[in-house]
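Below: the structure, in structure tokens.
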Amino acid sequence: MAHSVESHLRLDIAQYDELIRRFIPGYDEMLKELTKYLAFYLADRPHPQVLDLGTGTGSLAGLVLSQIPTATVVAIDTDPAMIVEARERLAAVLPRVTHLLRDFLGPLPAGSDACMASLALHHIPELTEKRRLYRQILGALNPHGIFINADAMFAENSPLEKWMRANWSQHLLVSGFSQPEVEEHFRQWSTEDRYFEVQTELRLLHEAGFSNLEVVWRRGPMAVLAGHKGASVLAHK
């Protein structure tokens, strides 16, 4: 599943961090809440390993590494240019990061205490394929591992979609895009992206074997969902 941010979002790599905030409603808040959740649930693990699917420029990895000083990250991405950007961003903590240039739909490295993804899994178009990925993630996690995913989540071809897209369109307009540009962005994204509603994502996680499912955060079309592997997290904590 090769994917280039430059071709998908029509950006120069150097502009990605600035422009992603114009594209995504609540981007900083979304990553902050995801990171806070991981930091809380990994607090009792001395040296947690976190698997980052579709790491991009490494912005989420950087937040996690700063909030969990004993953590290491295994960062996966299919775009060589993004790996270069991530290495530059994380240069100060590079010994704590392993970068893998590969498709995350293939075999995943085992032994992680957590797996995270941000704005990456909407590139998986089919329910069966996404369910299979969730099962692979579950298998790659250590006992009591955590999976957390931040992405656009809403039902396509439904009344709710109209509200979600209107919300998203307003964010883009306020961010300085013209109406024709907004329409062109949605048209371009529709050639590669597939969104599923929160209820569907939760069902897929349950079917894959995750428990203690949680909606960690939600704002307009964006949401953060989490699932746990194994026994009750209350018993674990």
Among (1) farther than 25 Å from THR55 by Cβ; (2) surrounded by 15 or more Cβ atoms within 10 Å (Cβ to Cβ); (3) in contact (Cβ under 8 Å) with a residue 12 or more places away in the chain, the one test that GLU207 misses: (2)
Cβ-Cβ distance below 8 Å, separation of 6 or more or different chains: which pairs start in region 126-144 with a residue that is free of Cβ contacts under 8 Å to residues at least 40 places away in the same chain and end on one that is hydrophobic (A, V, I, L, M, F, W, C) and buried (at least 18 other Cβ atoms within 10 Å of the Cβ)? LEU133/PHE104; LEU133/LEU121; LEU133/ILE124; GLN136/LEU108; GLY139/LEU108
Within region 96-135, how many residues turn out to be of a type outside the set (Lys, Arg) and surrounded by fewer than 16 Cβ atoms within 10 Å (Cβ to Cβ)? 13
Among the listed residues GLU129, GLU85, GLU156, which satisfies the condition of being among the acidic types (Asp, Glu), at pLDDT below 90 and either closer than 23 Å to ARG218 by Cα or under 17 Å from the mean Cα position of the chain (by Cα) (or both)? GLU156
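Quick one: which of ASP79, ASP103 is closer than 21 Å to PHE147 by Cβ and acidic (Asp, Glu)? Can you show your working first?
Working: ASP79 fails: closer than 21 Å to PHE147 by Cβ.
So the residue among ASP79, ASP103 that is closer than 21 Å to PHE147 by Cβ and acidic (Asp, Glu) is ASP103.
Within region 167-198, how many residues turn out to be of a type in the set (S, T, N, Q), in contact (Cβ under 8 Å) with a residue 12 or more places away in the chain and either part of a helix (DSSP H, G or I) or surrounded by fewer than 14 Cβ atoms within 10 Å (Cβ to Cβ) (or both)?
Summing the residues that are of a type in the set (S, T, N, Q), in contact (Cβ under 8 Å) with a residue 12 or more places away in the chain and either part of a helix (DSSP H, G or I) or surrounded by fewer than 14 Cβ atoms within 10 Å (Cβ to Cβ) (or both) in region 167-198 gives 3.
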Hits in region 19-57 - residues which are part of a loop (DSSP other than H, G, I, E, B) and not hydrophobic (A, V, I, L, M, F, W, C): PRO25, GLY26, ASP44, ARG45, PRO46, HIS47, PRO48, GLY54, THR55, GLY56, THR57
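The values are calculated or read from the model by the stated rules, or taken from the named source; none is laboratory data. Since the structure is predicted, the reported quantities are computational estimates derived from the model, not experimental observations. Using ideal geometry, Cβ is built from the backbone for each residue, glycine included, and neighbour counts are taken over all protein chains shown.
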